[in-house]
Each structure stands twice: as structure tokens, then as C-alpha cells.
1. Go through L268, L245 for me and flag whichever is without any contact (Cβ under 8 Å) to a residue 40 or more places away in the chain and not acidic (D, E).
2. Select from the range 124-155 the residues that are hydrophobic (A, V, I, L, M, F, W, C), out of contact with any helix residue (DSSP H, G or I) (no Cβ under 7 Å at 6 or more places or on another chain) and assigned to a loop (DSSP other than H, G, I, E, B) and list them in ascending order.
3. Among the numbered conditions (1) part of a strand (DSSP E or B); (2) of a type in the set (A, V, I, L, M); (3) within 24 Å of the chain's Cα centre (by Cα), tell me where M209 comes up short.
4. Pairs, please: C-beta under 7 Å, at least 6 apart or cross-chain, first residue under 13 Å from T160 (Cα atoms) and not assigned by TED's automatic domain parsing to the domain that holds G227 and in the range 193-212, second surrounded by 12 or more Cβ atoms within 10 Å (Cβ to Cβ) and modelled with pLDDT under 95?
5. If only one of A112, A103, A75 is within 23 Å of R314 (Cβ to Cβ) and among the hydrophobic types (A, V, I, L, M, F, W, C), which one is it?
6. Among the residues of the range 109-146, write down those that are in contact with a strand residue (DSSP E or B) (Cβ under 8 Å, 6 or more places away or on another chain) and either closer than 18 Å to T243 by Cα or of a type in the set (D, E, K, R) (or both).
7. Can you say whether D228 is of a type in the set (D, E, K, R), surrounded by fewer than 24 Cβ atoms within 10 Å (Cβ to Cβ) and over 26 Å from V177 (Cβ atoms), as far as the supplied structure shows?
Amino acid sequence: MTAFSLNPEQTAWCAELRTLADERLRPLAEKGEPGRVNRPLVEALGELGLLDHLFAGEGPGASPATRAPHAASGALGLCLLRESLAYACTEAETALALQGLGAHPVAAYGSARQREQWLTPARAGRAVAAFALSEPGAGSDAAALALSAAPDGASAWRLTGEKCWISNAPEADFYTVFARTTPGAGARGVTAFLVPADRAGLTGTPLDMLSPHPIGALAFDGVTVTGDDVLGEPDRGFRVAMTTLNRFRPSVGAFAVGMAGAALDATLAHTAQRDAFGGKLKDLQAVAHQVAEMATRTEAARLMVHAAAAAYDRGEPDIARRAAMAKLMATETAQYVVDAAVQLHGARALQRGHLLEHLYREVRAPRIYEGASEVQRTIIAKELYADPAVPAQSATPQPTTPEETSA
């Protein structure tokens, strides 16, 4: 298999996922309350075995229809899953992705006790996870993290400070929290902790955001954490964050491609049926060329996402650059395609409840979270100039402290 085509088994799996999302998940999504965690939807994702794909394994409870073909496992399988769900039900895709982002550090770096206590229910959809990295003054600059983890004895810390714009907060059951354990050490002085939501001193406030899922702020007032709560190693939390973001960044692009694909298909159907100026809309060259551009950009974004995911699965060294390119290309493309689709549909696309009205609201956020487009360009440039193939005299100085955290 190459990174640029899907085999029949993979194509069939994507079709099954779209049908599953449309028939089983969309009805649950429609019953959800905007700005709240849709727990029945999360539980359904677990019951159907879809959450298992987030953690490099297919659980025994996964039904045959949701089992990924062997060639669609790993990061590529995650991209196919997210694209397929996004095409049919963005709420289901988002719920799945947030579970993955919040719980992946536990799967990758957690102790046996942490995985048993928290990963097992998260995979089943019974415990809601959240990834708590961003702060009021630190979105895409890890060196600026200010949440303090002050020593409290030999193997304990007290967390004091704030987190902001945290998806699933304040309703999550547990948080992967990144805090500064060594002042003045930049990204090297950050530790990742698993913090249950009911830990004394932790409070949350919902934020009124343009988002169908909850986004909130967290306040830490001397919250006690111990060595048993550490994910990975003390002062190595930046690696936990970057490993998680590099895994999920290409699949953010897949989410965007799914939305672009849905907008494109809706536009094809509309312009083929709509009468205008003595013919169909598709017969107008300006319209046909616009649709051709939308299709070309969508396919280009899809190929970049698949290539980045395949590179991740092969363990290639340039994952950061490929992942950043894929996310940048796909999210910017989706914004363009959805906007063009709205334009070609006219006023009907702005009616509440219309697919494109929904996509128009949904498509904006991916250009910001998990590193805004400007951050992706910074990562790409940094990786390019760090390449040994670039002549030393042509390279510009690069920051000594890495960057690219989630917004």
C-alpha cells in the first residue's frame, strides 16, 4: 500500500463508518445540549469499539463493522476514522477526538495503575477525558507555561494557577495537566500529571464559546499531586505533550477533510439540480470551475494527511514537519471549501439547521486548536532550516526553546 491510495478494504470500512455515524451516532448527537458533554454519545462510541482505535488496539467489544482493516491501523486508521465520522456527524468525531487527546498520554505514558483506573473506562466511554495545556498567557508557547507545581515533600507537588480554553472542561472526569516543576527551564521544566476532576482545590468554569462541546477554564488552588499522578517522568512533560500532538495533528487535518468532503458533495448535488439562467447551475462555467477548485484542494489536502499519517506509522524522522503541513493544508482548505459551498448555495445555506450552516460554524476552530495555522508555519520553517541539506550560511537562527502547543 502507498500513502496515496486506499485499498478496497479500507474504502469499504470508511463507507461503513459513514453509515454507522449517520444511523447510530447522529440521532444521539441531535439529542445533545450545546456546550455540554454528550455522555450517551461518548458511551456509544465506546460500545461500538470506535474509541479503541484511538489507543492502538481493537477491543474485544468492537463489532465487525467497526474493526479497521489491518492496513488501516495506526495513525492512518485514525485519520480514516476521523474523516469518515466528520463527513456524517461532526459531533461524534469531536467527542471521539477529545477522548483521544485527553487519554492518549495515559495510554502512552501512564503506569499500570493509571491505565487500569482511567484508560479502561475512557476506552469504554464511561469516563470523559480532557487535555489541559493552554493557559491565559500560554497557548502556543510551552516555555511560557505558568501553572506552578511547587514541591510539597519528597515526592509531591501543589498545583497553583489556571488553565484556559480546555475542551470538555469543566465536565471531564479527569485531566492530563501540564505544569511547571522547574522554574526557568523553559519547555524542559514541565511535568505531565493525571488529575482527577474531584481532586480538592480544582474548580472549573464553563466559557461561552462558538463550540458545540464544552470549553472551560480550570483553577488550581494548591491541588496536591504525587509521584503516582505523574505521566512519564518529572520535567519531561513537554515530550508527552508533543508526542500526543504529533499523533493527533494529522488527524485534525482528517477532521477538516471530512467536513470539506461533505460540503463538496452537497455542492455537487445542489449545483446539478438547481435551475438558473435557463439551465442548471453546473452549466455556468464560473460555477463549474469553482467546484473543480474545491474538489482539487480537498483531494490535495486528503493526500497530505494520508502521507503524514503513513510517515508517522513508519516512524520516519520528519513527523513534526509533515504533521504541521498536513494540518495547515487541510484546515485552511476546509475553510475555503465550506465558504465556497455557502456562496454557491446562497441564502438557504445560512438557515439554522442546514448542513452548511452547521459546517460553517464548525470549520473555523480547527485553524486555531492544536496549534494555530501561524504556529504550523513556524514549525514547518523551523524544521526546514534545521534540515542538514540547508546550507549553514543560509539558515537563520532558531529559538532555543520549542513552541508548538495546543491552543
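The values are calculated or read from the model by the stated rules, or taken from the named source; none is laboratory data. Keep in mind that this is a model prediction, so the values were computed, not measured. Every residue, glycine as well, gets a Cβ built from its backbone with ideal geometry; the counts of neighbours run over all protein chains shown.
1. L268
2. L145, A146, L147, A154
3. With (1) part of a strand (DSSP E or B); (2) of a type in the set (A, V, I, L, M); (3) within 24 Å of the chain's Cα centre (by Cα) applied to M209, the lone miss is (1).
4. Qualifying pairs under 7 Å: none.
5. Exactly one of A112, A103, A75 is within 23 Å of R314 (Cβ to Cβ) and among the hydrophobic types (A, V, I, L, M, F, W, C), namely A75.
6. Y109, G110, A129, A130, F131, A132, L133, S134, E135, G139, A142, L145
7. Taking the combined requirement at face value, the residue does not satisfy it.
Every residue, every condition in (1) among the charged types (D, E, K, R); (2) surrounded by fewer than 19 Cβ atoms within 10 Å (Cβ to Cβ); (3) outside the structural domain of G227 (by TED's automatic domain parsing), yes or no:
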{"site": "A272", "(1), (2), (3)": "no, yes, yes"}
{"site": "T298", "(1), (2), (3)": "no, no, yes"}
{"site": "L303", "(1), (2), (3)": "no, yes, yes"}
{"site": "D318", "(1), (2), (3)": "yes, yes, yes"}
{"site": "A326", "(1), (2), (3)": "no, no, yes"}
